[in-house]
Amino acid sequence: MNHEDSVNFLTRLLANSLALLFWALPTKVLWWASCFLAWLWFDVFRIRRWTVLRNLTIAFPEKSHSERLGLARQSMRYLCYNFFEFCMLPRMTKSWVDQNIIFHGLDIYAQAVAQKKGVLLLSLHIGNGDFGIATLALLNLRMNLISKRFKNAFLNQFWFGVREALGTRFLEAHGPSLPFDILKACKANQSVVFVIDQFMGKPYGISSRFFGRKTGTAYGLALFAMKTKAPVLPVYTYRDEHFKTHVFFDPPISWQANEDKDLQISQMTQRYNDEVERIVRKKPEQWMWVHRRWKKWE
């Protein structure tokens, strides 16, 4: 057995063992474990605590410190719970998805697919996006997700291999073949997921505003929307009080034409940012506030 085969075997063994364990545990136990891990993370070791509270202060200056603390702690709990859900993916089946995942706007997605230009999906780290995309892949919706890979082969196989086994295809962010892969997917009338809620500096990002504060945002979605004329639909997940995952497709974001292509891309990137902000404001406790979204734009 060569090194690659050994890595694949060990990651499959780990993934399936964790899935078996977490599927056997009641939801309440997983939530209690999430609360404990979040307490260690945020209140004991205080990892990224300052970043989380700074982000919440930027986004919600009108809220009190105690309100922002409450949002921060709940966000960390959801992040920890997301890990348990991710580990359950190897045992997820279509029949389980049909019974446990609530979809909204599948008709909107079907109308976009009917245009036969491909579908560009605007997404973000809210709810459990990895869980949501996996459920869509199990519905035989052809999903291509742009993501940066790890340098460690074991982490790559664990983090991406679990979802690839369910049908999600990953496109290497900033890879030399990425533009061709996106165009090829659109030509085949597949969907390409752009996750744009993280900071992106030059040369892949442009100046924009998020929650009223200047930052950098990837402009790739606007660029390929202009090139392909494919519809752009927001797709995201929320978790309800019963821990059921809701997957939403919102109506397509209309394209604003402008003779100045650079200005057009800038305007549409800002519009996509505004859409992300709208989604975050609905369920701020479920967004990933640990990310340094407002790095200095230079």
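Who wins for biggest fluctuation among SER147, SER64, SER17 in a Gaussian network model of the chain, springs between alpha carbons below 10 Å? For the chain, modelled as a Gaussian network with Cα springs under 10 Å, the answer is SER64. Annotation: the residues GLU275, GLU67, sorted from fewest to most other C-beta atoms within 10 Å of their own C-beta, follow the order GLU67, GLU275.
With a threshold of 30 Å on the Cα-Cα distance, the over-threshold entries among LYS148/LYS261; LYS187/LYS283; LYS94/LYS187; LYS184/LYS296; LYS184/LYS283; LYS151/LYS296 are LYS187/LYS283; LYS184/LYS296; LYS184/LYS283.
From the alpha carbon centroid of the range 130-190 to that of the range 49-109 is 21 Å. The residue among ASN189, TYR78, PHE45 whose Cα reaches farthest toward the positive pole of the charge dipole of the chain, with charges on the beta-carbon of Lys, Arg, Asp and Glu, is PHE45. Fewest neighbouring Cβ atoms within 10 Å first, the residues THR217, THR168 line up as THR168, THR217. For the options THR51, THR269, THR237, a Gaussian network treatment of the chain with springs between C-alpha atoms closer than 10 Å singles out THR51 as fluctuating the most.
Out of all DSSP beta bridges with both ends in the range 3-286, state the antiparallel percent to the nearest 5. Of those bridges, close to 35 percent are antiparallel.
Working from Cα pairs under 8 Å separated by at least six residues, relative contact order for the range 3-286 is 22 percent. Peptide packing: for 97-106, 53-62, 278-287, 73-82, the average count of neighbouring Cβ atoms within 10 Å per residue gives the ranking 73-82, 278-287, 53-62, 97-106, highest mean first. In a simple Cβ point-charge model (Lys, Arg +1; Asp, Glu -1; nothing else charged), the range 1-154 has a dipole of about 380 debye relative to its Cα centre.
Each Lys and Arg contributes +1 and each Asp and Glu -1, all at the Cβ; summed about the Cα centre of the chain, the dipole is approximately 540 debye.
Comparing ALA218, ALA185, ALA173 in a Gaussian network model of the chain, where Cα atoms under 10 Å apart are tied by springs, the biggest mean-square fluctuation is seen for ALA173.
Computed from the coordinates by the stated procedures, all read-outs in this text should not be read as laboratory data. Since the model is a prediction, treat every value here as computed from it, not as a measurement. When we count neighbours, we look across all protein chains shown, and the Cβ atoms used for this are built from the backbone with ideal geometry, even at glycine.
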